[in-house]
Every structure is written in structure tokens, then in C-alpha cells.
Amino acid sequence: MSHQVPDDGTQLPLMEEFYTIQGEGFNTGKAAYFIRLGGCDVGCHWCDVKESWDAELHPLTHADLIVENASKFPGKAVVVTGGEPLIYNLDYLTAQLQQKGIKTFIETSGAYPLSGSWDWICLSPKKFKAPVPSIGQAAHELKVIVFNKSDFEWAEKHAEMVGPDCKLYLQPEWSKSKEITPLIIDYVMQNPKWEISLQTHKYLNIP
């Protein structure tokens, strides 16, 4: 029996929701409520939330309830992530959050067209499914996960997709961070339009 996720986005397959400190990218260190939606067909082998891939495993949850839960916390920022959240229509969810004065952030591979109204769009493209070009133009932040040396060239290709004001980040893949981080340091020193993003939440031992 498969989920029928309503096209209007009033119900979404919710994997988990939690209040924490944002760990990576431009907004590192800020309090935020994370909403992780189930469902992803991008399939990164190093994904640290593979249990998010199958939307069937995660209960359809009314967007109003998600908004109500998020609004209980003092940090008025919500990060919608996944899985790949743009599989779903996020117009309703973001409208309700913004009505309550909550800022909306998304982390997406960009593999699907943009829906929702966002204060901050973090595009983190993946090799397995190319981003939709229009998302590159809308992105505030480009965060490329570096798994091996060839990823620098791949990162530069995506930097050409985004607008001139988009922040550019290189982030070492966690399991290879000891060997990759020195390469990123050298690269950023040679190419200072890029900045380093670290998964600080893993150092802080928080979700």
C-alpha cells in the first residue's frame, strides 16, 4: 500500500523533526527546527540518512501539525531537509510557517523544480541526479560535498550555475574528512571565492 501524498502539500511524509543548532554552511551555529521529509531517489552512497530514502516508512503528517510543533521553540527558523524535500509541493508548509513569523530554509540537491517560499536556499548538488538549472539561479548557498579530488572540478561547474551573490562552500565528506580537509584548505587558499563548511554538529555531538 503506497502513500498518496496530496498534491497540495497539506500532508507530508515526516521522518523526524527536532530543534538543534544548525551545523554546516552559511547558517552554522544558529538555532533551528529541522523537518526531515522521507523520500529520495538521488541515492548518494555516502548518505548518512539512508533510512530517509523510502517515503513509505514515514507517516503522512499534516503540515499544520508540523508548523504547530515548530512554533513552540524560541528559534524562529525552520530547515526543511530530507531525503529530497522538493519531491513534494512545499508551498503550503512554507506559507503557514512564514505566517507565524518563522524563517524558512531548505537543503536540496536541486533535482526537482522549486516549490515553496524560502528565506534561504542551500543547493547541495549530487552526481547521481543533476540539479534543475532554475534552482541554481535561486540558490543563496552552494554547498558541494568533496569526496575525492575530482570533486573540485565538479564544484566549479556548479559554481557557474549559480548567481553572482551565491555563497560557495566546499565541505569534506565526513568519513574521509581527515584526508580531504587538507586538500580543501589548499584549494580555498588558491580559490578564495570558496569557503570551507564543516559539519560542526558532529564535533558538538548534537543532531
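The values are calculated or read from the model by the stated rules, or taken from the named source; none is laboratory data. All of these numbers come straight from a predicted model, not from anything done at the bench. Cβ placement follows ideal geometry from the backbone for every residue including glycine, while neighbour counts extend to all protein chains displayed.
The table that follows gives values for the structure above.
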{"read-out": "Which numbered condition C47 misses (of (1) more than 25 Å from L170 (Cβ to Cβ); (2) part of a loop (DSSP other than H, G, I, E, B))", "value": "(1)"}
{"read-out": "Among residues of the range 108-120, those that are surrounded by fewer than 22 Cβ atoms within 10 Å (Cβ to Cβ) and either part of a strand (DSSP E or B) or among the polar types (S, T, N, Q) (or both), counted", "value": "3"}
{"read-out": "Leading residue by the ranking (surrounded by the fewest Cβ atoms within 10 Å (Cβ to Cβ)) among those in the range 157-179 that are acidic (D, E) and either more than 19 Å from V132 (Cβ to Cβ) or at pLDDT below 95 (or both)", "value": "D165"}
{"read-out": "Of the criteria (1) surrounded by 11 or more Cβ atoms within 10 Å (Cβ to Cβ); (2) farther than 17 Å from E24 by Cβ, which one I145 fails", "value": "(2)"}
{"read-out": "2 or more residues within 24 Å of G43 (Cα to Cα) and over 18 Å from the mean Cα position of the chain (by Cα): qualifying helices (runs of 4 or more DSSP H) within the range 127-205", "value": "151-159, 177-190"}
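To keep it simple, each residue is scored yes or no on (1) surrounded by fewer than 15 Cβ atoms within 10 Å (Cβ to Cβ); (2) free of Cβ contacts under 8 Å to residues at least 12 places away in the same chain; (3) in contact with a Gly (Cβ under 6 Å, 6 or more places away or on another chain); (4) under 24 Å from V146 (Cα atoms).
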{"site": "T28", "(1), (2), (3), (4)": "no, no, no, yes"}
{"site": "A31", "(1), (2), (3), (4)": "yes, no, yes, no"}
{"site": "V42", "(1), (2), (3), (4)": "no, no, no, yes"}
{"site": "W46", "(1), (2), (3), (4)": "yes, no, no, yes"}
{"site": "T61", "(1), (2), (3), (4)": "no, no, no, no"}
{"site": "L65", "(1), (2), (3), (4)": "yes, yes, no, no"}
{"site": "G75", "(1), (2), (3), (4)": "no, no, no, no"}
{"site": "N89", "(1), (2), (3), (4)": "no, no, yes, no"}
